[in-house]
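For reference, the structure discussed in these notes is given below.
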Amino acid sequence: MPTDLQALNDLAQVGLGTPAADDAFGRFARLVRRHLGVPAAAVVILADGGIAPTDPDGLRRAGDTAEPEDGSPDRLRTELAMPVIEADAPLVAEDIRQDQRFSPGAVVRELGVVAYAGFPVHDLRGRPIGALVAVDENARTWSAEALASLEDLASACSAEARLQAERERARRVQHAAVRANRRSRFLLSLSEAFAGAQSVNDVDAVIADIGTTGIGARYCGLALIDTDGRGITYTSLAHVEPGFPASFRHARLTDDRPICEVVRTGKPLYYSSDDDLAATFPEVAAHSNRGLGARAFLPVISPSGTAFGIRPSGVVGVVTFVWEREGRNDQDVFALGAALAQYAGDALERAWLLDERRRAATTLQRSMLSRLPQIAHLDLACTYSPATRSDQVGGDWYDAVKLDDEASILMVGDVTGHDMRAAATMGQLRSLLRALAWSHDAAPSELLRLLDKANDGLGLHASGTAVLVRLDRVKRGGGAYEVTWASAGHPPPLVLRQDGSVERLDARSDMMLGVVPTIRRTDHATLLRPGETLLLYTDGLTEQRSSSDDEALSGLEKTLASLADTATAALPITLVRRIIGQEQHDDVAVLAVRVRMAAVPEHRSAPGTARVERKVADDLSDLAPARLWIDDMLETCGVPLAQRRTITLLASEILTNALDHGSAPIAAELDIDPGRVRVGVRDGSPARPQPQDEDVRWFGGRGTQLLERLASRWGVEPFEDDDGAELDDATRGNPRARRQGKTVWFEIDREA
């Protein structure tokens, strides 16, 4: 019967279809030679293509002939065993030259075989897969004992073949199980790693981590399609291969580059070497690293496409892997890379949706916070900073109510919860307190009591903390304010004093809101002098990194003291950035109010006018106080906020120029009248300011450009200081010792 093709395929599957000789079968051949006394014997196991994985013992010595030019040992052994395999039965001949079952062929002609005895070898299913053959160059009568031994050894060969097949099958099963387990663990690690990714930067970091540790790539990169759908841009250059130019970070989708090709076709690209990549995409050859090897470009698919405004299952980006060695053709690795790209697509869509929800929630939160009013003699600033890693809104809020020119109410609170309901409740509670503050001329403790009562009576049943502060300008107090405050379980207010120290208003706090509506509440009082700043905040500012409340407050006090010269407008957001940084786990609301320094100037001819001067220390540390002084004087004289900002900006520019390039003594002059504001900065250097070219690469030299564009008029006036006011006793009165300098000035016309 003909050899079963399926049997040959099974042999190849279990590893017996290779041309390598097998020692176990070679021992059987040697046993046949010794026990039967034949010059040659062989065990031939056929595989697909007629390959024999056995070592024939003494077969080449049978006829003492050379190997034929048109044949090979494998072909000759196959012809030697094929009669037995085709018959699937023992085949014995004393002289094959006279046996019609053997046609004159290569076996007889080339090997010189005369006597022949062969028994088939079977697999697990009983199919013939080979033969055990004994041969002699002379005619021979095979004894029954010899044939019985040959049959037994053939059966042993069958058992060995089956055993090897089972071992190989077990090895392959184990290998498949190991691969499946490795893949399962890899996919699990992907799932866990991407589960915490809530932004594009997080996804990029996970790809770099998993790509290098789990896939073995040397470098990884993530490129995303631009919002206009015309280009693609790498999110970061931190993980790409060395020498990758920044100009290559972005590409048009029509460019001849692999990442663009992947986006256009939606199919992955693999290259075994840098030469293969350069041959396909010559444009990247000049920028690729010749010292690296294989590369893979895998499409990142968005499941729904909604987040990126594309069709479902559309390509939103490309993941790039670069290996150190060439010729990497591991399909398992490519499959793992494709799985990583798929997880990245899911994570990117989830991150986009989370960010969208967070933006909507933050917009809702901010819409509930009113703009701070402009209050005479007070400089107010605030910030609301949502948590960076959450799509939920909180109940933090701030507010300020101007009662009249001499009194105002400030408040900060935090409603329990971090969801839409907390935000809605916060909005209602804030509106209630705002209305109560406006309609009731009452102490802070009474306003909080009324709020708690309304909270219970109207069915809000909100719980939370709040601090309410009333500022009353002290008559004939030199611009100072009396501060009265009450706290409902809220962190204590802080005061930055004139001498740079920070005072904690840590009088005992009352019970939080929403617990006992009728509880009695207490007022506390202090004094806020000109130049001093009152800070109100929510607990998100102090609960980030400290183990105790006192430690957290101490850290906040130190940071506030270090920002004594910071402009009030920048103080709240600077505090948040200094203390919290990038990883913000809770919402934060901060409200700062500074009593302005400017009193009624001595040289004042009419309301809204002033002519004053301030010496400036020859040190950049005095820049911020000088700028605050100018802003305070402008506010005192009734200059509108929009013009104050422009004037302060220009004044800061010429002050900085004098401190950087001028020499002492330096002074700021301010002349305000109903029609215009004139600011001048005098210094002891006659050198005029030099404008720089309008080049984006220059960080400085823009002061004169701003003066040209924003000031109504400006100029430079030289002077000689000969009155001896700035000279010492040795040089006073000496004409040669006259000090030369200049005044840089600008004017802005006041709004009618």
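Sorted by average packing, counted as other Cβ atoms within 10 angstrom per residue and highest first, what order do 517-526, 156-165, 489-498 take? Walk me through the numbers on the way to the answer.
On the way: 517-526: 14.5, 156-165: 18.7, 489-498: 20.4.
Going by the mean number of other Cβ atoms within 10 Å, highest first, we get 489-498, 156-165, 517-526.
How about residue 615: which lysines have a C-alpha closer than 24 Å to its C-alpha, ignoring those fewer than 8 places off in the same chain?
The reachable lysines, counting only those whose Cα sits under 24 Å from residue 615, are 742.
Between residue 549 and residue 147, what length in nm is gained on full extension when 0.36 nm per residue of separation is reduced by their alpha carbon distance? Intermediate results must be reported in sequence, preceding the final value.
Numbers: separation 402, 0.36 × 402 = 144.72 nm, distance 9.71 nm.
Taking 0.36 nm per residue and subtracting the Cα distance, the gain is 135.0 nm.
What does the highest-first list of 225-233, 437-445 look like by mean Cβ count within 10 Å?
Working: 225-233: 14.4, 437-445: 16.2.
Put in order of decreasing packing, that is 437-445, 225-233.
If you line up the Cα atoms of region 428-479 on their principal axes, what length do they span on each, largest first, in Å?
On the principal axes, region 428-479 reaches 45, 20, 15 Å in Cα extent.
Can you give me the long-range amide H partners of residue 531? Hydrogens built in the peptide plane at 1.01 Å from N, cutoff under 5 Å, separation of 5 or more residues or another chain.
Hits under the 5 Å cutoff: 595, 596, 597.
Obtain the nm distance between the two label points defined at residue 482 and residue 661 by a simple spin-label model: each point lies 7 Å from its Cα along the Cα-to-C-beta direction.
It works out to 5.2 nm between the two label points.
Over what distance in Å are the Cα centres of region 494-552 and region 76-95 separated?
Computed from Cα coordinates, the inter-centre distance equals 103 Å.
Would you mind checking which residues have amide H under 5 Å from residue 219's amide H? H placed 1.01 Å from N; only 5 or more apart, or other chain.
Correct list: 322.
Would you work out what percent of the accessible area of region 442-534, with all protein chains in place, is carbon or sulfur (probe 1.4 Å)? Can you show the working numbers first?
Numbers: 2010 of 4130 Å².
The nonpolar share, carbon plus sulfur, comes to 49 percent.
In nm, to one decimal, how far is the modelled label at residue 287 from the one at residue 98, with both set 7 Å along Cα→Cβ?
Simple spin-label model gives 8.6 nm for this pair.
What is the packing order of peptides 423-436, 632-645, taking the mean over residues of other C-beta atoms within 10 Å and listing the highest first? Don't skip to the answer; put the middle values down first.
Working: 423-436: 19.6, 632-645: 17.5.
With the highest mean Cβ count within 10 Å placed first, the list reads 423-436, 632-645.
Hey, rough spin-label estimate for residue 254 and residue 618, points 7 angstrom out along Cα→Cβ, what's it come to in nanometres?
With each label point 7 Å from Cα toward Cβ, the separation is 6.2 nm.
Give, in nm to one decimal, the length gained when the segment between residue 376 and residue 740 is fully stretched (0.36 nm per residue of separation minus the Cα-Cα distance).
Details: separation 364, 0.36 × 364 = 131.04 nm, distance 4.01 nm.
Stretched fully, the residue 376-residue 740 segment lengthens by 127.0 nm.
In whole angstrom, how far apart do the alpha carbon centroids of region 617-658 and region 436-461 sit?
The distance from the Cα centre of region 617-658 to that of region 436-461 comes to 41 Å.
List the GluC sites (Glu not before Pro) within region 535-577 that fall in a DSSP loop (any state other than H, G, I, E or B) and whose Cβ has at most 16 other Cβ atoms within 10 Å.
On the way: sites: 543, 551, 557; in loops: 543.
Counting only loop positions with at most 16 other Cβ atoms within 10 Å, the GluC sites (Glu not before Pro) in region 535-577 are 543.
Once the convex hull of the alpha carbons of region 420-546 is built, what does its volume come to per residue, in cubic angstrom?
Details: hull volume 15.7 nm³, N = 127.
So the per-residue hull volume is 123 Å³.
Want the number for residue 506 to residue 236: 0.36 nm per residue separation, take away the alpha-carbon distance, what's left? Write down the numbers at each step before the final one.
Values: separation 270, 0.36 × 270 = 97.20 nm, distance 4.70 nm.
So the extension gain works out to 92.5 nm.
Could you give the distance between the Cα centres of region 336-358 and region 230-252, to the whole Å?
20 Å
The values are calculated or read from the model by the stated rules, or taken from the named source; none is laboratory data. All values reported here derive from a predicted model rather than from experimental measurement. Positions of Cβ are backbone-derived with ideal geometry, glycine not excepted, and every protein chain shown enters the neighbour counts. We work out accessible area using only protein heavy atoms, side chains counted, and drop any ligands, DNA or RNA first. Shrake-Rupley method; radii C 1.70, N 1.55, O 1.52, S 1.80 Å.
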